[in-house]
Amino acid sequence: MLMMKMINREKSPMTIAESAAKLGPWFHAFTFSDGSTVGLWNTKAKLRGLFSTPEAQEALVDADVLDIGCMAGEACLWARENGADAVVGVDPDERSRRQFEFVMDDAKPLNVKFHQRSVYDLLDYYDPQEFDVVIMMGVYYHLLDPLRALQNAWEMTGRLLVLEGEINDRADCVAEFYPGAYKGDASNWWVPSVTCFEAWLTTLPGARVEIISPLCSPSRIGARVWRD
């Protein structure tokens, strides 16, 4: 009688590229430690525009930073690489949490954390003006209540709030509400004009507003909002 030997072959661990693929789709652009890449968004170019002045660059040095709507954490890494002392990224999305943890496990930055929270709930978790710098990119136009979100972000800001998002350039429209899908995305709601966007920000008490328009593309706008 022949004895059949069972050969136990351990399955090879997934590569970084394979693991990243399972967490997709990716939007932020990353190059991982093995050279593999994901995402196409040029978030770093927008960040360079938002922090293009010496005053803004100085505000980031040794700062505690809050990144609202951080997704996979590209802005969090960029802030640490450009002088921030500690960074907290917040996002309500579960996929963003998994991607963020994967990115940070590969990059291994110090003092970068993720909290799974909504922009509407920030006052329940953080003290007023707890963060020197607050970043909020690609968020307000996804919200039914953008003014409340902007007010919460401003409440968290000790010195500088930087914002980036979508605008419309229709001459006959100040702000347009889309209960359907703007540019094919059903999560888009409010799309303001430049004038409306600036007016939103001037409602923030004690704010000095610098508008950056356009920011990297004609349909995107940025702003630096200072607490003087």
Residue list for the range 127-169, filter: in contact with a helix residue (DSSP H, G or I) (Cβ under 8 Å, 6 or more places away or on another chain), in contact (Cβ under 8 Å) with a residue 60 or more places away in the chain and part of a loop (DSSP other than H, G, I, E, B): 129, 130, 139
Residues within the range 170-228 that are assigned to a loop (DSSP other than H, G, I, E, B), touching a helix residue (DSSP H, G or I) at 6+ places or on another chain (Cβ under 7 Å) and open to solvent by less than 40 Å² (accessible area, probe 1.4 Å), tallied: 2
Being surrounded by fewer than 22 Cβ atoms within 10 Å (Cβ to Cβ) and outside any loop (DSSP other than H, G, I, E, B) is true for just one of 45, 59, 79. Which residue is that? 45
Residue that is least open to solvent (accessible area, probe 1.4 Å), among those in the range 87-117 that are over 21 Å from residue 48 (Cα atoms) and in a loop (DSSP other than H, G, I, E, B): 91
Out of the residues in the range 121-138 meeting the condition of being open to solvent by less than 60 Å² (accessible area, probe 1.4 Å) and aromatic (Phe, Trp, Tyr), tell me which one is farthest from residue 46 (Cα to Cα). 126
One residue from 84, 149 being out of contact with any strand residue (DSSP E or B) (no Cβ under 6 Å at 6 or more places or on another chain), crowded, with 18+ Cβ neighbours inside 10 Å and modelled with pLDDT of 95 or more: 149
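The values are calculated or read from the model by the stated rules, or taken from the named source; none is laboratory data. Source: prediction; values computed, not measured. For neighbour counting, all protein chains shown are included, and Cβ atoms are generated from backbone atoms with ideal geometry for every residue, glycine included. Please note that ligands, DNA and RNA were not included when accessible areas were found on the heavy atoms of the full protein model with its side chains. Shrake-Rupley method; radii C 1.70, N 1.55, O 1.52, S 1.80 Å.
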